[in-house]
Amino acid sequence: MSVAMVELRGVHKSFGSLHVLRGVDLDVGRGEVLVVLGPSGSGKSTLLRTINHLEKVDRGTVRVDGELLGYRRSGDRLYELREREILRRRTQIGFVFQNFNLFPHLTVRQNITEAPVHAQRRPRAEADALAVRLLERVGLADKADAYPGTLSGGQRQRVAIARALALEPKVLLFDEPTSALDPELVGEVLSVMKDLAGGGTTMIVVTHEIGFAREVADTVAFMDAGRVLELGPPAQVLDDPAHERTRAFLTKVL
Ligand code: ADP
Ligand code: MG
């Protein structure tokens with residue numbers, strides 16, 4: 001049996017007395033696309049943040065490509081990893097945020113080469129060449145020397161995707177990547193994401209874009225109150241959900 005690229009087992013996470021993730025199990029295979037749906041506050045962002053080790057889990061395990069995320073196993077005991085090792089592993093996971101999070105004082109090219117040059121210590125010329133290739137891939141080859149402030153929201157999000165790809169991540173996480181965009185700019189971002197999915201990138205996408213889920217997802221998860229309530233192929237979860245809560249949610253977003 002092949003190892004899942006991302007595997008969560010019994011993941012719990014609380015903030016104080018607020019129990020946000022209540023036992024999440026998930027498997028995302030290599031090259032698969034998982035779309036996560038669910039109402040606001042159901043724990044979707046927290047789920048992505050635990051996978052990227054921006055949040056530590058309280059209980060359960062997260063593995064990426066077979067490696068335990070925040071821990072090292074020795075016999076049957078687990079030890080927390082050092083911060084350096086956590087940072088190294090985090091660079092293997094790309095994260096695309098709702099609000100782009102580009103560095104405003106750097107050009108598009110510098111935004112993309114920042115992490116490869118400073119975190120991965122790749123030669124500048126190599127990182128620049130990679131940036132050119134990635135900008136071509138997201139349709140922005142002519143914007144390398146532009147500053148983020150001069151770009152549209154859709155263009156900024158495509159730069160953010162190129163920047164995430166520059167670390168050649170094992171998995172790309174998207175947290176509502178089109179929610180902050182004007183409606184006419186959503187399509188250009190979804191189209192880039194669709195290309196990536198077609199090219200075999202492992203992706204976990206939190207989105208309310210049901211059309212994208214239907215067309216691109218291998219699996220759709222519906223989260224409710226910190227649990228994965230429903231999980232299956234898009235046709236099953238979107239057209240024939242087993243739970244009333246999934247049905248109620250879908251009538252609201254469709
Ligand atoms: P979603 O992305 O599905 O809207 P989140 O994962 O952002 O849900 O949040 C789930 C719950 O956890 C919400 O009630 C939110 O207010 C709370 N929460 C998220 N992050 C934190 C934090 N760092 N500290 C305290 N509460 C948090
Ligand atoms: Mg969220």
Exercise for review: Report the full-extension gain for the segment His19 to Tyr147: residue separation times 0.36 nm, less the Cα-Cα distance, to one decimal in nm.
Suggested key: 42.0 nm
Study note, to complete from the structure: Listed by chain and number, the residues whose amide H is under 5 Å from that of Val96, excluding neighbours fewer than 5 places away on the same chain and using placed H, are Leu173, Phe174, Asp175
Exercise for review: Using θ = phi - 60° and the Karplus relation 6.51 cos²θ - 1.76 cosθ + 1.60, list the HN-Hα couplings for region 225-230 in order, rounded to whole Hz, with x at every Gly or Pro.
Suggested key: 6, x, 10, 7, 7, 8
Study note, to complete from the structure: Note: Thr91 to Asp195 extended length (0.36 nm per residue) minus current alpha-carbon separation gives 35.2 nm
Check your understanding: At Glu244 and Glu83, where each label point lies 7 Å from the Cα along Cα→Cβ, what is the point-to-point distance in nanometres?
Key -> 4.9
**Study point:** Percent antiparallel among DSSP beta bridges (both partners in region 150-254, rounded to 5)
**Key:** 55
Revision key, fill the gap. Computed for the chain: size of charge dipole around the Cα centre, +1 on C-beta of each Lys and Arg, -1 on C-beta of each Asp and Glu, debye to nearest 20, value 940
Review point. Whole-Hz Karplus ³J(HN,Hα) for region 98-113, in order, using 6.51 cos²θ - 1.76 cosθ + 1.60 and θ = phi - 60°, x for Gly and Pro?
Key: 4, 9, 6, 6, 6, 7, x, 8, 10, 5, 4, 4, 5, 4, 6, 8
Review point. Within the chain, what's the longest stretch lacking trypsin sites (Lys or Arg not before Pro) that sit in DSSP loops with no more than 12 other Cβ atoms inside 10 Å?
Key: 122-254
Review point. Which shape class applies to the chain: rounded if a/c is under 1.5, otherwise prolate when a/b exceeds b/c and oblate if not, where a ≥ b ≥ c are the square roots of the Cα gyration tensor eigenvalues?
Key: oblate
Practice item. Would you mind calculating the gained length between Asp76 and Phe103 on full extension (0.36 nm times residue separation, minus the Cα-Cα distance), in nm to one decimal? Key: 5.5 nm
Exercise for review: Straight distance only, please: which lysines reach the Cα of Lys56 with their own Cα at less than 18 Å, same-chain residues fewer than 8 apart left out?
Suggested key: Lys13, Lys44
Practice item. Report the charge-dipole magnitude of region 164-250 in Debye, nearest 20, computed about the Cα centre from +1 at each Lys and Arg Cβ and -1 at each Asp and Glu Cβ. Key: 280
Practice item. Would you please give the residues with an amide H less than 5 Å from that of Met203, counting only those at least 5 places away or on a separate chain, with H modeled from the backbone geometry? Key: Glu32, Val33, Leu34, Leu172
Revision key, fill the gap. Residue-ordered couplings for region 30-36, obtained by feeding phi - 60° into the Karplus form 6.51 cos²θ - 1.76 cosθ + 1.60 and rounding to whole Hz (Gly and Pro as x), are 4, x, 8, 10, 10, 9, 10
Exercise for review: Please give every one of the lysines within straight-line cross-link reach of Lys143, meaning a C-alpha to C-alpha distance under 23 Å, and leave out same-chain neighbours fewer than 8 residues apart.
Suggested key: Lys194
Practice item. Scan around Met223 for amide H atoms under 5 Å from its own, H built in the peptide plane at 1.01 Å from N, and keep only partners 5 or more places away or cross-chain. Key: Leu37, Gly38, Leu229
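Laboratory data are not the source of any read-out in this text; all were calculated from the coordinates shown. Source: prediction; values computed, not measured. Note that each Cβ is placed from the backbone with ideal geometry, even for glycine, and that neighbours are counted across all protein chains shown.
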